[in-house]
Amino acid sequence: MASDAARWNHVWVGTETGILKGGWRGLASTESGGGTCGGLPLATLARLTPSTRRGEPSTKTSRELHGGGTATARGGGERPLLGRRRRDSGEWPLPGGSSGPGASQPPSPRHPALLCLQILVGCADRTVKHFSTEEGIFQGQRHCPGGEGTFRGLAQADGTLITCVDSGILRVWRDNDKEASPDPLLELRVGPGVCRMRQDPAHPHVVATGGKENALKVWDLQGSEEPVFRAKNVRNDWLDLRVPIWDQDIQFLPGSQKLVTCTGYHQVRVYDPASPQRRPVLETNYGEYPLTAMTLTPGGNSVIVGNTHGQLAEIDFRQGRLLGCLKGLAGSVRGLQCHPSKPLLASCGLDRVLRVHRIQNPRGLEHKVYLKSQLNCVLLSGRDNWEDEPQEPNKVPSEDTETDELWVALEAAAKRKLPDLKQTQRALQTKRRKKKRPGSTSP
Amino acid sequence: MAKSGDKSGGSGKKSLKRKAAIAELQRAAVAEHEATESGVQPPKTAAFPPGFSISEIKNKQRRHLMFTRWKQQQRKEKLAAKKRLKKEREALGDKAPPKPIPKTIDNQRVYDETIVDPNDEEVAYDESTDEFASYFNRQTSPKILITTSDRPHGRTVRLCEQLSTVIPNSHVYYRRGLALKKIIPQCISRDFTDLIVINEDRKTPNGLILSHLPDGPTAHFKMSSVRLRKEIKRRGKDPTEHIPEIILNNFTTRLGHSVGRMFASLFPHNPQFIGRQVATFHNQRDYIFFRFHRYIFKSEKKVGIQELGPRFTLKLRSLQKGTFDSKYGEYEWVHKPREMDTSRRKFHL
């Protein structure tokens, strides 16, 4: 049941209290999914912010994302704990409360009958955990030391895990759970003050980084140690003063080499590495507050940006004009994601509410859910058939009799007593993971 | 004649105005006279055409008269109805239906899903790990810095002084045109836990910025209805140095919880009951009323209170995560009037 629930969750949110929550966007019901990340703030789904907190995880992990009707699928109140609570081992470093976003791994969108989805969750203590949506539990974690600060980007490419932290250390790890090797395969120094690292969905070995006083750089991980593209700052302004740099979010535009960034000085810029000009090709301003999150719309011509006041705007980056605004958020926007084909936008922020907006005809709020913790990042599953999910009949999953010593040990160490035996048995199944496909949409 | 018809209709009802009464008697007499002349009995009761309303009378004095008469009758009917209802209730005794509750805006408040359930574990965990946790775990004790905007006038200065007597362990400093972003690191290094800035406009205090210091949230309030000590009627003597108790009323939603905790963290944990002083933050309809009283128990159930101290009303404008940084800080909650104030029955705190 838990696994069924987790499988049909379409929207995943990470919170400041270290809880991963998932739910149905649909109206039918409120399946709950998710788990805690050891009581630590989640560093990423799309982007997660750690806080200075650590500590005892809260009791029940999964809280429901109310998708509308109260109906159902409380599926027999013993919706078991999804995910394991890890008790505080007391070793976590105490980050200084800086924000550390990181990217997460979206599930592959091309398989409607998808069984294996995996979400990579980066936490404040610089561990990356694998959450399996099919089974609804955290399957493993690895610690990624090095550098200071929290994760600003997570990506996966060809069996390797790419992480970037606040102080600018970008590392590529071998993504093999059995042997968590402490040495990275590759290490790059990107420059201090990184705010975002994003992977190009078309070329998994190409990443872009940017931050506060850290200009946009595009790196090819298979190439040299120098960035492929290094952006140049715009000309001095009308008072002949240097314009400060603060790239908060980066997106790769599909179909070309261009990148769009949004800055903390409320600018939206388009860069084109293919052109000889290293300065931005297009620059527009929106609002008076720092832009914190950005996402591409399915139409392909515009981006939606959010700022620290909770204002969302759709900006056309071909002409550089404002197409429209979305209202409703009361707090800083922390995570935005558009559905790859439908005109839907999920937004989450510090006002503890997850909202799903409709971007066109008509523009407005579709749904909102109060989740009790401050939300850090959001991830949408790329499936097109959100409405078609039938109510899964409660069937007993085929029990694998394989026992994995490692998993048993993990379970024994971390779980608490559950009345549901099925949960235990499911947890002992061999985990099946699908690697991220190159063509899939990334957040 | 229409006029005499009206008047005779009027005379059918009870008339209180003496002049009108006399006039009507005269007219009635005339009418009677005319009527007896014509040999027809004058009508005793009012005969208004149907669909007639008092507002159609063109003469203001007569219209006013008719209206007052109608009003008195309505009042009488209402009183009679009340009495009847009361009698019925008494007659029924125990079987009487419960009294209907009058509708108030507070009663009709729209359901707010963010209202905190006292048993909620997630909220409890959140609160045990947020910025106020060190205060609520008794690891830090509050030390407050009170200052104003630049070049304050008399009222603001006096309000600061009075506030510093209300809040224990607080210090007032003159703001010498210093930037808050420069004051804050200095405060942190001197172990201050909270910063209060009273903003002044046109010689009256109108805003309050409350910032919890080591990277805590910053709340910005609008302040109104400020009454200094000498403006409070029937007040008691000046407050003593005892640590007051705190009352936080009605902070039910999640946002209200955060704000309530901010206020609670201004005062030390150990109220001295000998001092019998209490500071109250009462939230009603998103307005927070601050009062400072001294109480005395006259008997087990009767309390007498004396209002001391300043009194003001606050309304939350924004709650920002992190210390004061209005331009680049991230906001947890911003009040947006056009989006949030659309319903008169929806409140946020």
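The values are calculated or read from the model by the stated rules, or taken from the named source; none is laboratory data. None of these values were measured; they are calculated from a predicted model. All Cβ positions, even for glycine, are placed from backbone atoms using ideal geometry, and neighbour counts span all protein chains on display. Surface areas here come from the heavy atoms of the whole protein model, side chains and all, with no ligands, DNA or RNA. Shrake-Rupley method; radii C 1.70, N 1.55, O 1.52, S 1.80 Å.
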Practice prompt. Kindly provide the helix-only [θ] at 222 nm of chain B, computed as the sum of -39,500 (n - 2.57) over DSSP H runs of four or more divided by all residues, to the nearest 500 deg cm²/dmol?
Written response: -10500 deg cm²/dmol
Response to the item:
Checking the range B:60-105 for trypsin sites (Lys or Arg not before Pro) in a loop per DSSP with at most 14 other beta-carbon atoms within 10 Å yields B:K103
Worksheet item: Taking only Cα atoms, what is the 0 to 90° angle, nearest 10, from helix B:254-264's long axis to the longest principal axis of chain B?
Response: 60
Worksheet item: Helix B:154-166 sits at what angle to the longest principal axis of chain B, using alpha carbons and giving 0 to 90 degrees rounded to 10?
Response: 70
Response to the item:
Out of B:F221, B:F292, B:F273, a Gaussian network model of chain B with alpha-carbon springs under 10 Å gives the largest mean-square fluctuation to B:F273
Worksheet item: Rank B:S318, B:S189 by accessible area, highest first, at a 1.4 Å probe radius?
Response: B:S189, B:S318
Worksheet, complete the sentence: Once B:H282 and B:K83 are pulled to full extension, the length gained, defined as 0.36 nm per residue separation minus their Cα-Cα distance, is 67.9 nm
Item to complete: Run the 1.4 Å probe and let me know the accessible area of B:W70, rounded to the nearest 10 Å².
Response: 110
Response to the item:
Candidate cut points under trypsin sites (Lys or Arg not before Pro) in the range A:272-370, DSSP loop plus at most 13 other Cβ atoms within 10 Å of their own Cβ, are A:R318
Worksheet entry | FRET efficiency estimate (nearest 0.05) - Cβ-Cβ, B:E121 to A:R174, R0 60 angstrom | 0.95
Discussion item. Rounded, prolate or oblate, given the Cα gyration tensor of the range A:284-385, with a/c below 1.5 counting as rounded?
Written reply: oblate
Worksheet item: How high is the relative contact order of the range B:142-285, in percent, counting Cα pairs under 8 Å that sit 6 or more residues apart?
Response: 24
Discussion item. Compute accessible area for the range B:93-132 by itself and then with all protein chains, 1.4 Å probe, and report residues whose area falls by 40 Å² or more.
Written reply: B:E113, B:E121, B:E122, B:Y125, B:D126, B:T129
Worksheet entry | Antiparallel bridge percentage (DSSP; both residues within chain B; nearest 5) | 75
Fill in: B:H242/A:K342 FRET efficiency (R0 60 Å; Cβ-Cβ; nearest 0.05)
0.45
Response to the item:
Output field shielding_mean for A:331-339 (other chain Cβ, 10 Å radius) holds 2
Discussion item. Using only the heavy atoms of the protein chains and a 1.4 Å probe, how would B:Y331, A:Y289, B:Y174 rank by accessible area, largest first?
Written reply: B:Y174, A:Y289, B:Y331
Worksheet item: Can you list the residues of the range B:329-343 that have at least 40 square angstrom less accessible area with all protein chains present than in their chain by itself, probe 1.4 Å?
Response: B:E330, B:Y331, B:E332, B:V334, B:K336, B:E339
Worksheet, complete the sentence: Largest-first ranking of B:R317, B:R234, B:R254 by accessible area, probe 1.4 Å, whole protein assembly kept, is B:R234, B:R317, B:R254
Worksheet item: Considering only the other residues whose Cβ falls under 12 Å of the Cβ of B:S225, what net charge follows from Lys and Arg at +1 and Asp and Glu at -1?
Response: +4
Item to complete: Calculate the dipole size of chain B relative to its Cα centre from +1 charges on Lys and Arg beta carbons and -1 charges on Asp and Glu beta carbons; express the result in debye to the nearest 20.
Response: 2940
Worksheet item: Among A:K212/B:K182; A:K232/A:K258; A:K368/B:K346; B:K233/B:K302; B:K182/B:K315, which pairs are too far apart, with a Cα-Cα distance over 25 Å?
Response: B:K182/B:K315
Item to complete: Kindly compute the accessible surface that chains A and B hide from a 1.4 Å probe when together, both sides summed, and give it to the nearest 100 Å².
Response: 2600
Worksheet entry | For the range A:129-166 and the range B:166-233, distance of Cα centres in Å | 43
Response to the item:
Simple SL model, points at 7 angstrom along Cα→Cβ for B:A96 and B:V157; separation in nm is 6.1
Worksheet item: Which part of the range B:208-227 falls in the paramagnetic zone of B:E339, meaning amide N under 19 Å from the point 7 Å along Cα-to-beta-carbon?
Response: B:220
Worksheet entry | Accessible area in square angstrom per residue, the range B:255-308, 1.4 angstrom probe | 49
